[in-house]
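Undergrad: Handing you a structure now.
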Amino acid sequence: MKIVTDPRCTEYSAPGHPERPERISRTVEALKAQDKLKLTWTGPAPAGEAAILRAHTAQHLEQIQKPFDFDADTPAYPDIAAHARRSVGGAWQALQSARAGEAAFSLMRPPGHHAMRERAMGFCYLNSIAIAALEARAGGCKRVAVFDFDVHHGNGTEDILLDQPGCAFISIHQHPAYPGTGLENRGGNCFNFPVRPAAPRHEYRAILARALETLKKFRPDMVAVSAGFDAYRGDPLADGTLEAEDFYWLGETIRRMEVPAFGVLEGGYSMALPELVLAYLSGVNG
Ligand SMILES: [Zn+2]
């Protein structure tokens, strides 16, 4: 399995912000310290401008270069546009690996699934998974599914993929919670599975299982996973109840579909993040 990362993604931060560099550096350390999973390491590929412009407006690309905060959660860090582009490149590289037959995971920041066609929000600037999904379509995949198990609704991915031919978006998330969307299905291709706050673990698992059935029914020839680990019971940003073994099970279920797949890190803010990523990747690897 291939892990895509770049140490430059740890070079920006804001005091007290939960989306912090240690999320990546500690996870890289944990993955390098273990020997159960055979991993190969690579860096992000440069993502083409034309590919980014399938998902975002030119005006949005200009906007993220400016030194103005987008909202309290989404500051205008120095060089954030370059960081966001490298994170897109991580998803891009992971997609290339999946197309070549090797499972891959992009371990980069910033995350992307809240970034809308023309708005940065929720720690997200460019929507890496949507850009990669549209690139997969342009590159010949007929049916591309984005499966988003971050505890927050991937409103940006939905905004970009809504009614895009050959694309489906499937999200399981807490509701009510940030950003407040994702209560209903939208268009013919966006399927939302809300979970009430603090729902017991078996209930959360049952909703995940329904979402996975919807994923299988779509019969994708490429699965792009928005992997957020903030539905974990110990996460400070939401009220999820999942355990590490549930993330293993998610990875295992996706592997058993026997469809090319890649993952991209979205959220996950607890100290257990390295262990949760390792559990998920172990499931993907088998
Ligand atoms: Zn999240």
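Since every read-out is calculated from the coordinates, none of them should be taken as a lab result. All of these numbers come straight from a predicted model, not from anything done at the bench. With ideal geometry, Cβ positions are generated from the backbone for all residues, glycine too; neighbour counts draw on all protein chains shown.
Undergrad: Where nothing but the Cβ of Lys and Arg (+1) and of Asp and Glu (-1) is charged, how large is the charge dipole of the chain around its Cα centre, in debye to the nearest 20?
TA: Working: 30 positive and 34 negative charges, 160 e Å.
The calculated dipole for the chain is roughly 760 debye.
Undergrad: Have a look at 121, 97, 180 and report the one farthest towards the positive end of the charge dipole of the chain, computed about the Cα centre with Cβ charges (Lys/Arg +1, Asp/Glu -1).
TA: 97
Undergrad: Let me ask another. Need one number: nm distance between label points at residue 196 and residue 49, each 7 Å from Cα along Cα→Cβ, rounded to one decimal.
TA: 5.1 nm
Undergrad: Using 7 Å Cα-to-Cβ label points, what is the residue 117/residue 214 separation (nm, one decimal)?
TA: So the label points at residue 117 and residue 214 sit 2.1 nm apart.
Undergrad: For a test of the definition: using alpha carbon positions, the gyration tensor, and the 1.5 limit on a/c, classify the stretch 13-92 as rounded, prolate or oblate. Can you show the working numbers first?
TA: Working: a/c = 3.47, a/b = 1.42, b/c = 2.44.
Taking the square roots of the gyration eigenvalues as a ≥ b ≥ c, the stretch 13-92 is oblate.
Undergrad: In vacuo Debye scattering of the stretch 169-276, one point per C-alpha: log10 I(q)/I(0) at q = 0.21 Å⁻¹?
TA: After summing over all Cα pairs, the log10 values are -1.28.
Undergrad: Run the dipole for the stretch 119-161 about the Cα centre, Lys and Arg Cβ at +1, Asp and Glu Cβ at -1, nothing else charged, and hand back the magnitude in debye, nearest 20.
TA: 200 debye
Undergrad: At R0 = 25 Å, how high is the FRET efficiency between residue 40 and residue 271 if r is their beta carbon distance? Nearest 0.05 is fine. Could you put the intermediate results ahead of the total?
TA: Details: r = 27 Å, r/R0 = 1.07.
The calculated FRET efficiency here is 0.40.
Undergrad: Then there is this: Reported to two decimal places, what Rg/Rh ratio describes the stretch 36-166 when computed on Cα atoms with Rh from the Kirkwood expression? The partial results should precede the final answer.
TA: Numbers: Rg = 14.3 Å, Rh = 15.0 Å.
Ratio value, two decimals: 0.96.
Undergrad: Is the shape of the stretch 126-219 rounded, prolate or oblate, going by the alpha carbon gyration tensor and its root eigenvalues a ≥ b ≥ c, with a/c under 1.5 for rounded and a/b larger than b/c for prolate? Can you show the working numbers first?
TA: Numbers: a/c = 2.27, a/b = 1.63, b/c = 1.40.
Prolate shape, in that a/c is at least 1.5 and a/b is the bigger ratio.
Undergrad: Projecting each Cα onto the charge dipole of the stretch 160-286 (Lys/Arg +1, Asp/Glu -1 at the beta carbon, about the Cα centre), which of 278, 167, 202 comes out farthest on the positive side?
TA: It is 167, whose Cα lies furthest towards the positive end.
Undergrad: Here's a follow-up. Cα gyration tensor of the chain, axes a ≥ b ≥ c as square roots of the eigenvalues: rounded (a/c below 1.5), prolate (a/b > b/c) or oblate? Intermediate results must be reported in sequence, preceding the final value.
TA: On the way: a/c = 1.15, a/b = 1.10, b/c = 1.04.
Verdict is rounded for the chain.
Undergrad: Mind checking the alpha-carbon convex hull of the stretch 106-163 and giving the volume per residue in Å³?
TA: Once divided by residue count, the hull of the stretch 106-163 is 88 Å³.
Undergrad: To the nearest 20 debye, what charge dipole does the stretch 1-124 have about its Cα centre, counting +1 at the Cβ of each Lys and Arg and -1 at the Cβ of each Asp and Glu? Each step should come with its number before you reach the end.
TA: On the way: 16 positive and 14 negative charges, 89 e Å.
Dipole size: approximately 420 debye.
Undergrad: So, one more: Once you place label points 7 Å from the Cα toward the Cβ at residue 33 and residue 162, how far apart are they in nm?
TA: Each label point lies 7 Å from its Cα, and together they span 4.4 nm.
Undergrad: Give the distance, in whole Å, between the Cα centre of the stretch 161-218 and the Cα centre of the stretch 10-39.
TA: Using only Cα atoms, the two centres lie 27 Å from each other.
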